[in-house]
Each structure stands twice: as C-alpha cells, then as structure tokens.
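This report refers to the structure that appears directly beneath it.
The values are calculated or read from the model by the stated rules, or taken from the named source; none is laboratory data. Keep in mind the model is a prediction, meaning the values are calculated, not measured. Using ideal geometry, Cβ is built from the backbone for each residue, glycine included, and neighbour counts are taken over all protein chains shown.
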Amino acid sequence: MGESNYQDFNNIIKKIYQSPTFAQDFWKKFFNDTDAVAYMEFIRKQTDSTKQYPPLEFKENMFFDDQEEITVCIDEQIEKRQKKQKIKFEHYHSFFELAYVFSGSFYTTVGGKKYLLPTGSILMFNTKASHYIEAEEKGGILINILVRKSTFTNSMLNMIQKNDLFFSFFLHSLYDVKSEPVTFRFIAEKGSIAEEFIYRIVREYYHKSAYNQSMMSYLFCCLLTELTRQYQEKASKPILKDKKESLDISQIIAYMSENCNSITLAQVAEHFHYSIAHISKAIHRASGKTFTELLNSFKMKKATHYLKHSDFFIKKSHSYWAIQNALRLIKHLKNTMEKHLPNTENQLIDSM
C-alpha cells in the first residue's frame with residue numbers, strides 16, 4: 001500500500017472515530033438491549049477484580065443498521081489505563097468479528113489466557129469465542145470488521161467454498177451447535193496485500209458509495225483468501241520446536257481442516273514432528289473426538305454445503321472423498337442434519 005493510501009487510511013479512521021454520531025449511535029443501540037443493560041448493572045456492583053465473570057453476548061442489533069450486512073467499528077485508547085485494576089469481563093458475538101491492530105499494541109484475553117497483539121495483528125473470532133481486548137498504551141487503534149451470520153449463509157460461503165481453512169471455520173459456527181470456540185491469529189505487515197484489503201473495506205464503509213455492502217463482502221472474502229495463503233506458506237514449512245514446548249492444537253486442527261480430503265493421522269504427526277500417540281491424545285483432549293471423528297466432521301460439513309448446490313452432484317462429492325456408496329453418504333448427511341440442525345433438509349436449502 002502506497003504512502004498516500006496509508007495517509008488516507010489514517011485520516012478515514014480518525015474521521016470515523018471522531019464523528020459526533022459514531023459513539024452516540026453505538027451506545028444508543030447498546031443500551032436499547034435489555035440483556036446488555038442488566039448485565040452492565042450486574043458488573044457495576046461487582047468488586048472482585050480477580051474473579052472471572054460470565055461473558056456478555058454482543059448481538060447484531062447492537063452494532064448493525066438494518067441495511068448493513070457488514071460494518072466497521074473503531075476502538076481507540078485515548079488515555080493510559082490506570083494502575084488500579086478495573087472489573088473486566090469477556091464477551092462473545094452472535095456475528096463474526098475480524099479485529100486488526102492498526103497502531104499501538106493491545107492485549108487480548110481468550111479463554112482466560114492473555115496474549116500481546118503488536119501492530120499488524122489480526123484476530124478472527126467465531127461466535128463461540130469469549131474474549132476481552134484492551135490497549136497496552138495510549139494511542140492504540142483497533143479496527144473491527146463485523147459480518148452478520150446471515151451474510152455467510154446467503155452469499156459468502158459460496159464464495160469461499162474452496163478455501164478449506166475458513167470454510168470449515170464458518171461452517172462449524174453456523175451449523176454445528178456443539179462447535180468449539182476458535183480464534184485465528186495472523187500478522188499483516190505494513191504495505192502487505194492483507195493491509196490493502198482492510199484499507200479498502202474501511203474506505204468503502206466510510207464513503208458509503210453505491211453497492212458498498214457488496215464491495216465490502218467481496219473484499220472481505222479476498223482478505224480471507226490472502227490470510228489463507230499466509231497460513232499455507234507457514235504451514236508448508238516443517239515446524240521445529242522443543243519437545244518441552246506445549247503443542248499448539250489450533251494449528252493442528254486448522255491443518256486437518258485444510259487437508260481433510262486426504263490427510264492421515266501419520267501424516268499429521270510427521271508434519272508437526274510428534275508421535276502418532278501424542279497427536280491423537282492432543283486432538284481428543286481439545287475436541288472430545290477421535291482423529292477420525294474430527295476429520296469426518298470436516299468432510300461432512302463441507303459435503304453438506306456442496307450438496308445444496310445443483311451444480312455439485314452426489315457422484316462428485318462421494319468420489320472427492322473416496323466414499324464408495326452415495327446412498328450411505330446421503331443417509332449419513334440426513335442423520336447428521338437431523339441430529340444437529342433444527343430445520344429439515346428442505347428448510348435448510350431454502351434458508352441458504
């Protein structure tokens with residue numbers, strides 16, 4: 001991204017944040033939600049700053065206008081945080097969030113664990129991930145790109161169906177009631193393509209030109225593709241680490257999701273330089289499923305989506321994953337949908 005674009009990016013962020021209606025609109029929506037008001041009243045009465053309190057649900061009506069499918073929020077730390085500990089609480093969303101550290105550095109607490117986020121950090125949260133973000137120092141700016149769940153079911157899933165990493169990420173959040181909290185972390189270097197896509201999304205949001213919502217959706221899918229390329233370049237390199245270092249199960253699960261059509265347990269173990277037994281136990285501890293069960297869940301979620309599109313026939317689906325009997329695949333899909341989804345198959349097709 002050129003210097004002139006970077007200056008424009010910086011100016012747009014300031015104009016959005018300093019807009020007199022920006023904060024007013026947010027807090028008006030926030031305090032119109034009775035659950036949020038009751039929760040904040042509960043937190044206000046608490047005095048134990050060391051206690052971990054239940055997370056607050058951030059709902060779509062708190063952040064989106066009626067006509068918005070994708071929106072942008074800016075957080076800026078305008079004053080240094082006091083030494084005295086404040087009552088902190090995590091939150092989760094009924095929508096998807098991508099957070100980008102534009103300047104300064106932030107700390108995020110996810111599942112009770114704290115991580116430092118330097119400038120350029122990107123976090124992607126699914127709808128189950130409880131988290132808390134705070135600035136490390138004065139002047140930090142955080143850009144939040146928010147996307148409705150319905151936007152993925154209606155349009156984005158079809159655009160990213162060949163992107164195995166994020167396809168499974170969103171599909172599980174949308175349709176698997178037992179899906180686990182998942183957070184992806186990336187770095188967008190200054191001048192990178194990923195930073196360029198974020199700039200263009202924010203620019204479209206600010207100018208609100210004709211078809212800006214469609215443009216923001218397409219740019220968001222392009223950003224996901226660029227982040228997947230970054231992940232694949234990193235994952236293609238052997239990971240050399242001290243055996244005493246804790247195993248990063250999120251990388252293993254992401255690797256399985258991306259390669260679910262052909263990967264074996266032995267190949268996963270070889271790639272991450274751990275024994276088969278160690279990898280198998282780690283997967284079971286993290287997901288509650290065996291390697292085969294977790295792998296099949298990735299396959300079936302993807303197949304469920306493919307079978308909703310008329311140009312993707314059953315033969316292609318079952319040959320793609322070497323499932324010999326198409327009728328057995330349909331039966332398995334039917335049982336899976338009846339078990340996990342409240343809708344009938346036809347209702348699900350209509351909703352997509």
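Selection within the range 15-56: residues that are aliphatic (A, V, I, L, M) and under 17 Å from Asp75 (Cα atoms). The member of this set that is surrounded by the fewest Cβ atoms within 10 Å (Cβ to Cβ) is Ala23.
Can you name the residue in the range 17-58 that is of a type outside the set (A, V, I, L, M) and in contact with a strand residue (DSSP E or B) (Cβ under 8 Å, 6 or more places away or on another chain) and is also modelled with the lowest pLDDT among such residues?
Among those residues, the one meeting the criterion is Phe22.
Candidates Glu90, Glu76: the one that is over 18 Å from His131 (Cβ atoms), in contact with a Phe, Trp or Tyr (Cβ under 6 Å, 6 or more places away or on another chain), at pLDDT below 90 and not hydroxyl-bearing (Ser, Thr, Tyr) is Glu76.
From the list Leu146, Leu165, Leu142, the one residue that fits, being surrounded by 20 or more Cβ atoms within 10 Å (Cβ to Cβ) and touching a helix residue (DSSP H, G or I) at 6+ places or on another chain (Cβ under 6 Å), is Leu165. Pairs are defined by a Cβ separation below 6 Å, a sequence spacing of at least 6 or placement on different chains, a first member in the range 33-53 that is in a helix (DSSP H, G or I), and a second member that is of a type outside the set (Asp, Glu); the pairs so defined are Ala36/Phe30; Val37/Phe31; Tyr39/Leu56; Ile43/Ile87; Ile43/Phe89.
Candidates in the range 195-231 are the residues that are β-branched (Val, Ile, Thr) and out of contact with any strand residue (DSSP E or B) (no Cβ under 7 Å at 6 or more places or on another chain); of these, the one that is surrounded by the fewest Cβ atoms within 10 Å (Cβ to Cβ) is Thr225. Just one of (1) closer than 23 Å to Thr50 by Cα; (2) surrounded by 17 or more Cβ atoms within 10 Å (Cβ to Cβ); (3) of a type in the set (A, V, I, L, M) fails for Leu116. It is (2).
Scanning the range 210-254 for residues that are aromatic (Phe, Trp, Tyr) and in contact with a Leu (Cβ under 9 Å, 6 or more places away or on another chain), we see that the one that is modelled with the highest pLDDT is Phe220.
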